[in-house]
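Comments concern the structure below.
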Amino acid sequence: VVMLGIETSCDDTAAAVADLLSRYGGVAPKMAEEAHSLVIDQVVRQALDNANLTENDLSAVAVTIGPVGVQKARRIAGQFSLPIVGVHHMEAHALVARLIEKNLQFPFLALLISGGHNLLILAHELGHYLQLGTTIDDAIGEAYDKTARWLGLDMRKGGGPALEELAMEGDPNSINFSVGQFLGTCLFSQIPMKQHKDCNFSYAGLKTQVRLAMESRKISPGSDPISLTNSEGRRSRADIAASFQRVAVLHLEERCQRAIEWALKIEPSIKYLVVSGGVASNKYVRARLNHVVENNNLQLVCPPPSLCTDNGVMIAWTGIEHFLSGRFDPPPPDNEPEDAMVKNTLHPDWWST
Ligand code: ATP
Ligand code: FE
């Protein structure tokens, strides 16, 4: 099975080719939403070239929701008579772990942490996912990005990576941030959600605390290259970054521990926790969660950073999984009208709560 995966659901335009032997070639330039259509043809061509294949070698085309990607996918599928697989973006973040860890069988637990989502799910089997927790306000990636911007970091490499780097210079215990206070529990304890029984997340309060900590240190939000090179200014920013990261990740550790305890009661055969999505590239996140997982005699599967952040490979891989289980749409007609394309492509929402 050779699958072309096309991803245009967020701000990346990505395409990749994957087969069952995990060979792939893909590209993913960072693009603004409206720029997808300018680069989609080139991105798909490059993915095929990188894999040394042509459209004639494909078994099917997988695509996430998003008008530009869907149109491109259906045009290729129509022209070459290929089936179409509609792929759920977050499912792809989770399932790509099965491409890199062949022993990873269902059921398993997954923590998906990215720019727009904070999800804890129990993956019973392909297409059947139980949502154990989600964010009630912001996702952790968004909190990283906001904090990085406020601290005036270089956003070109991404807010998350920039903050992770600065945090290494700071003292993680210098500021007593807390997290999850909007989950309805005591405002003043260090990890207030302890008393809360679900596996939901909240990061809005932590963002506010970062702003207050900046104010009390006379750091104005936004780019301020002088303070970043001045050693005292840099030090206090690094302390904020390190303290933010400690607490933001503590929230993940706490929730994962609870999810593991709960999930093992209904599915004692669970052996793995998958951690994926852009924030899973973070080394501190990986190390701390590895600790939690090992304490519970489970194993952590964390895809390499290039497969954690948005990419075409995860779409192609998830397409393969569904294609092999028989879930795909027949090839569209070659001359399908553009406005029918999006409507005709099924992107099921499989999460149950
Ligand atoms: P979603 O998957 O929720 O729709 P998205 O597709 O935009 O969102 P991803 O590409 O999966 O998000 O992840 C991007 C997010 O990951 C950004 O918020 C980014 O700051 C964060 N991120 C990337 N690398 C790191 C890192 N090393 N540390 C912390 N955060 C990181
Ligand atoms: Fe994503």
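Quick note: the coordinates plus some simple rules give every number you see, no bench work behind them. Quick caveat: nothing in here was measured; it's all calculated off a predicted structure. Note that each Cβ is placed from the backbone with ideal geometry, even for glycine, and that neighbours are counted across all protein chains shown.
List of remarks:
- Residue in segment 98-109 that is touching a residue at least 60 places away in the same chain (Cβ under 8 Å) and closer than 30 Å to Ser231 by Cβ present: no
- Residues of segment 267-292 that are in contact (Cβ under 8 Å) with a residue 24 or more places away in the chain and over 17 Å from the mean Cα position of the chain (by Cα): Glu267, Ser269, Ile270, Lys271, Tyr272, Arg288, His291, Val292.
- Leu120 more than 17 Å from the chain's Cα centre (by Cα) and away from ligand 2 (no atom under 14 Å from the Cβ): no
- Neighbours by Cβ (under 6 Å, 6+ apart or cross-chain): first from segment 294-319, part of a helix (DSSP H, G or I); second among the aromatic types (Phe, Trp, Tyr) and surrounded by 16 or more Cβ atoms within 10 Å (Cβ to Cβ): Val313/Tyr24
- Residue match in segment 139-149 (condition: more than 16 Å from ligand 2 (Cβ to nearest atom), under 30 Å from Lys218 (Cα atoms) and in contact with a strand residue (DSSP E or B) (Cβ under 9 Å, 6 or more places away or on another chain)): no
- Looking across segment 77-99, the residues that are part of a helix (DSSP H, G or I) and either of a type in the set (Gly, Ala, Ser) or touching a Leu at 6+ places or on another chain (Cβ under 7 Å) (or both) come down to Ala77, Gly78, Phe80, Met90, Ala92, His93, Ala94, Val96, Ala97, Arg98.
- Yes/no for Gly127 being away from ligand 2 (no atom under 16 Å from the Cβ), farther than 22 Å from Ala213 by Cβ and under 20 Å from the mean Cα position of the chain (by Cα): yes
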